[in-house]
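A quick write-up on the structure given underneath.
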């Protein structure tokens, strides 16, 4: 099956391409808007069966250097602030804030790779305080990671009728910003390792789809 992998930056793209030549890999830029625009352009120009948003990200209670798979891709800050707190755009009566990857494919990948599964949040501003991290955990108790591109990639894929996944290698804990504690190298290595395991799972899933 032909798969497009969308990362934010070249270092993430290179981590994926080191693992396998089975994917078309695109470094789209940082943030949901850049990711959506680049993904939509690629999908308009080529024929794909699956799109994967991939890269490093912050983790909620999962070990640094581990990998998570999204069973839900959620735009965590798409909505409105009100006197009663944040209201998602869906509760305002329009839009979408969640995309669901194929459940059987997520399960098969988790079984094959040992990756944790859960909600991966898309944010336009990376969390940098304990208060914001706690608020996100309260609003999204199943969250395992946050990043900046997944929902944009998934929205573009949805518009083209193509399923989307999100794969994140955890480089830091979501919370107070402490770059000295980040393990970006370990996360990129983990990203390479999991993408080396993904192709046979995709082929098996596609043959039974």
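Numbers below:
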| quantity | calculated |
| --- | --- |
| Filtered residues of segment 50-63 (kept if buried (at least 18 other Cβ atoms within 10 Å of the Cβ) and closer than 24 Å to residue 181 by Cβ) | 54, 55, 56, 57, 58, 59, 60, 62 |
| Residue 38 being surrounded by 13 or more Cβ atoms within 10 Å (Cβ to Cβ), in a helix (DSSP H, G or I) and either touching a helix residue (DSSP H, G or I) at 6+ places or on another chain (Cβ under 8 Å) or without any contact (Cβ under 8 Å) to a residue 40 or more places away in the chain (or both) | yes |
| Some residue of segment 87-96 being surrounded by 16 or more Cβ atoms within 10 Å (Cβ to Cβ) and under 30 Å from residue 204 (Cβ atoms) | no |
| Boolean, residue 90 is over 14 Å from the mean Cα position of the chain (by Cα) and over 16 Å from residue 148 (Cα atoms) | yes |
| Test: residue in segment 16-26 that is more than 25 Å from residue 174 (Cβ to Cβ) and free of Cβ contacts under 8 Å to residues at least 12 places away in the same chain | yes |
| Selected residue (only one of 80, 103, 110 is surrounded by fewer than 23 Cβ atoms within 10 Å (Cβ to Cβ), more than 18 Å from the chain's Cα centre (by Cα) and touching a residue at least 12 places away in the same chain (Cβ under 8 Å)) | 80 |
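Bear in mind that the values in this text are calculations on the coordinates, not laboratory data. Bear in mind the structure is a predicted one, so any value in this text is a computation, not a measurement. Counting neighbours? That spans all protein chains shown, and the Cβs are built from the backbone with ideal geometry, glycine included.
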